[in-house]
1. Pick out, in residue order, every one of the GluC sites (Glu not before Pro) in the stretch 160-253 that is DSSP loop and has at most 14 other C-beta atoms within 10 Å; say none if there are none.
2. Grab the Cα-Cα distance for residue 109 and residue 29, subtract it from 0.36 nm times how many residues apart they are, and report the gain in nm with one decimal.
3. What do you reckon, how do 206, 103 stack up by accessible area (1.4 Å probe), largest on top?
4. Would you mind classifying the stretch 105-209 by shape? Square roots of the alpha carbon gyration tensor eigenvalues, ordered a ≥ b ≥ c; an a/c under 1.5 is rounded, otherwise it is prolate if a/b is larger than b/c and oblate if not.
5. With each label point set 7 Å from Cα along the Cα-Cβ vector, what nm distance links residue 192 and residue 82?
6. Which whole-Hz ³J(HN,Hα) couplings does the stretch 76-91 yield from phi under the Karplus relation 6.51 cos²θ - 1.76 cosθ + 1.60, θ = phi - 60°, glycine and proline marked x?
7. Check residue 107: other-chain or 5+ apart residues with amide H under 5 Å from its amide H, H built from backbone geometry?
8. Rank 144, 109 by accessible area, highest first, at a 1.4 Å probe radius?
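The values are calculated or read from the model by the stated rules, or taken from the named source; none is laboratory data. Just so it is clear, the model here is predicted, and its values are computed rather than measured. All Cβ positions, even for glycine, are placed from backbone atoms using ideal geometry, and neighbour counts span all protein chains on display. Side chains included, ligands, DNA and RNA excluded: accessible areas come from the protein's heavy atoms. Shrake-Rupley method; radii C 1.70, N 1.55, O 1.52, S 1.80 Å.
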Amino acid sequence: MVGTLLLRGMLVGIVAGILCFAFLKVVGEPQVNRAIAFETHLDEAKAKAKADAERGKGMSMPKEEPEPELVSRPVQAGIGLFTGVMAYNAAFGGLFALVFALTYGRMGDFGPRATSALLATVGIVTVYIVPNLKYPANPPSVGDPDTIGLRTALYFAMIAISLAAMIGAAMLRRRLLRRYGGWNASLLAAAAYLIAVVAVGLVLPTINEVPDQFPAVVLWQFRIASFGAQLVMWTTIGIAFGALTERTTGEGRLRPKVAAF
């Protein structure tokens with residue numbers, strides 16, 4: 001059963017990847033190109049200012065040869081983007097299927113469609129929205145290359161903390177269920193999750209390396225494209241996985257004994 005769900009999740013993830021790739025090509029890539037153009041213009045301006053300062057001191061600046069591109073921009077925006085998006089979506093589809101197999105029947109008396117939709121909603125909030133409120137997405141050309149390791153570590157730490165807080169909230173809801181009922185237990189668990197992630201967000205350092213001159217419209221549109229791609233992925237997986245599971249397996253045969261989670 002788990003192997004079948006895993007395969008189904010990865011196949012649904014591939015479908016989501018195709019949709020995400022099309023979305024990013026239309027909506028995301030233009031913003032990346034504008035960000036790269038801004039970075040190139042900024043680097044040229046800095047180089048010119050440095051050369052003018054050296055000439056003012058009576059010194060000559062040797063002409064710097066441009067660094068060769070390891071991967072051309074068309075390759076990055078084509079096969080590179082496609083490969084990355086497909087691998088990312090297929091992996092998340094497989095992980096989604098494993099979480100579905102673990103939680104189905106333990107979240108309440110929900111069928112496959114409702115369980116899948118609920119998991120997708122929780123997933124996008126936990127894995128993307130909350131971490132990005134602390135460390136929002138930036139175009140590839142924005143930021144200090146020397147701090148990329150630190151920024152990556154902090155972002156993944158925020159994801160891990162958000163996941164841990166969500167698991168803890170689910171366990172808290174289960175403990176409060178009999179005493180306070182489903183609705184009140186859910187509200188208390190959600191409040192506990194929010195308190196945990198807000199507290200951690202306030203403790204973790206803030207990183208803002210977007211240049212003051214960077215066009216705000218480009219930054220905003222890039223972040224909208226990033227959120228849109230995540231929305232396409234989670235929506236596709238949540239809807240398609242639940243529909244296929246209910247159709248191919250049958251809700252009655254799949255449903256285990258319900259243990260409210």
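1. Counting only loop positions with at most 14 other Cβ atoms within 10 Å, the GluC sites (Glu not before Pro) in the stretch 160-253 are 209.
2. My answer for the length gained is 24.5 nm.
3. 206, 103
4. Because a/c hits 1.5 or more and a/b exceeds b/c, the stretch 105-209 counts as prolate.
5. For the pair residue 192/residue 82, the computed spacing is 4.7 nm.
6. 4, 7, x, 5, x, 4, 4, 4, x, 5, 5, 5, 4, 5, 5, 5
7. It is 261, by chain and number.
8. 109, 144
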